[in-house]
Amino acid sequence: MPELPEVEITRRGITPTVTGSTITGVVVRNPNLRWPVPGELQALLNGKTVRRVLRRAKYLLFDIDQGWLILHLGMSGSLRLTDTQVPPQKHDHFDLVFGTKILRLRDPRRFGAVLWTTEDIYTHPLLAHLGVEPLSPEFSGEVLYRASRGRTAAVKQLLMDHTVVVGVGNIYANESLYRAGIDPRTIAGRISRVRFGRLATEVRLTIEAAIKAGGSSLRDFVHSDGSSGYFQQQYFVYGRTGQACRVCGRPVKVVRLGQRSTFYCSQCQH
DNA sequence: AAATTCTCCTGAAGGC
DNA sequence: TGCCTTCAGGAGAATT
């Protein structure tokens with residue numbers, strides 16, 4: 001599923017083709033995504049030019065004359081660049097057409113979103129209350145520490161709280177906590193500054209490494225037809241229930257935390 | 001007010 | 001082989 005690294009790689013992949021290009025058509029095959037795709041998009045966007053593509057959290061933001069196209073990939077969404085000759089497939093719900101080229105959204109589970117706003121993008125309801133970007137200089141253990149005081153929820157849930165830090169989904173929360181040696185069930189409010197410092201470092205390193213790995217495996221992004229480009233990484237704990245910890249060899253355990261599968265090593269994480 | 005639960009959806013995986 | 005059931009999960013919304 002797309003986490004922040006996949007979204008960022010997607011952004012980088014489409015930027016060269018999309019930036020400066022003029023929209024010549026919009027196709028909405030199925031408007032029933034997370035929220036209805038606005039029916040008037042065709043009229044709104046036709047003839048307009050994409051100035052740039054930004055990312056905030058897992059949202060892709062297309063800066064278009066007088067407004068913003070907001071796109072989220074949800075659980076199963078992917079974007080690919082293709083051309084008008086390629087027939088859409090079953091779950092290809094949305095096209096942004098640039099002459100003979102098409103930016104096409106595929107999303108089997110339809111948890112994604114395509115929205116339009118003319119507001120100031122950073123005060124938009126979806127973005128206004130988001131926390132810091134994990135790759136920005138503002139992100140540090142201090143951010144986590146301050147947010148954690150008085151909180152009795154598990155540290156993993158704090159890490160996945162998007163009003164604190166954005167873009168840390170289930171996979172990277174599990175992996176970062178493993179790398180920081182912290183038990184995901186630990187009460188957030190009882191973790192020290194020092195340990196949060198280590199955790200922030202591991203969050204950043206894990207995400208950076210994933211972007212690097214994904215970027216190098218996505219050279220053909222522009223002509224990706226089927227393999228939209230998500231990359232499989234080697235995880236320490238995620239999805240490895242019962243398998244040997246890569247460090248100590250003990251079986252990886254799984255528990256439910258906040259309705260989410262949580263993987264950890266009882267030897268390496270405290 | 002923080003914490004928890006619910007909800008959307010379909011492909012994959014597991015059971016028999 | 002095939003049908004049926006269960007599960008996963010991003011994140012906003014609704015509850016507690």
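The values are calculated or read from the model by the stated rules, or taken from the named source; none is laboratory data. Because the structure is a prediction, the values reported are computed rather than measured. Cβ atoms come from the backbone with ideal geometry, glycine included; neighbour counts cover every protein chain shown.
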ask   = Got a number for residues in the range A:63-77 being within 16 Å of DNA strand B (Cβ to nearest atom) and not in a strand (DSSP E or B)?
value = 5
remark   = Scanning the range A:201-236 residue by residue, those part of a loop (DSSP other than H, G, I, E, B), modelled with pLDDT of 60 or more and in contact with a strand residue (DSSP E or B) (Cβ under 9 Å, 6 or more places away or on another chain) turn out to be A:Y235, A:F236
query = Of all the residues that make up the range A:89-148, how many are surrounded by fewer than 20 Cβ atoms within 10 Å (Cβ to Cβ), within 20 Å of A:R11 (Cα to Cα), of a type in the set (D, E, K, R) and out of contact with any Lys or Arg (no Cβ under 9 Å at 6 or more places or on another chain)?
reply = 1
task = Filter the range A:237-269 down to the residues that are in a loop (DSSP other than H, G, I, E, B) and among the hydroxyl-bearing types (S, T, Y), then identify the one that is surrounded by the most Cβ atoms within 10 Å (Cβ to Cβ).
result = A:Y238
task = Please report, ordered by residue number, the helices (runs of 4 or more DSSP H) entirely within the range A:78-197 with at least 1 residues that are out of contact with any Ser or Thr (no Cβ under 7 Å at 6 or more places or on another chain), at pLDDT 95 or above and away from DNA strand B (no atom under 13 Å from the Cβ).
result = A:141-148, A:170-180
inquiry  = So A:L73 passes all but one of these: (1) surrounded by fewer than 21 Cβ atoms within 10 Å (Cβ to Cβ); (2) touching a residue at least 12 places away in the same chain (Cβ under 8 Å). Which condition number does it fail?
reply    = (1)
Filter result for the condition that a residue is closer than 25 Å to A:P251 by Cα, touching a residue at least 12 places away in the same chain (Cβ under 8 Å), out of contact with any His (no Cβ under 9 Å at 6 or more places or on another chain) and not charged (D, E, K, R), over A:G197, A:G169 = A:G169
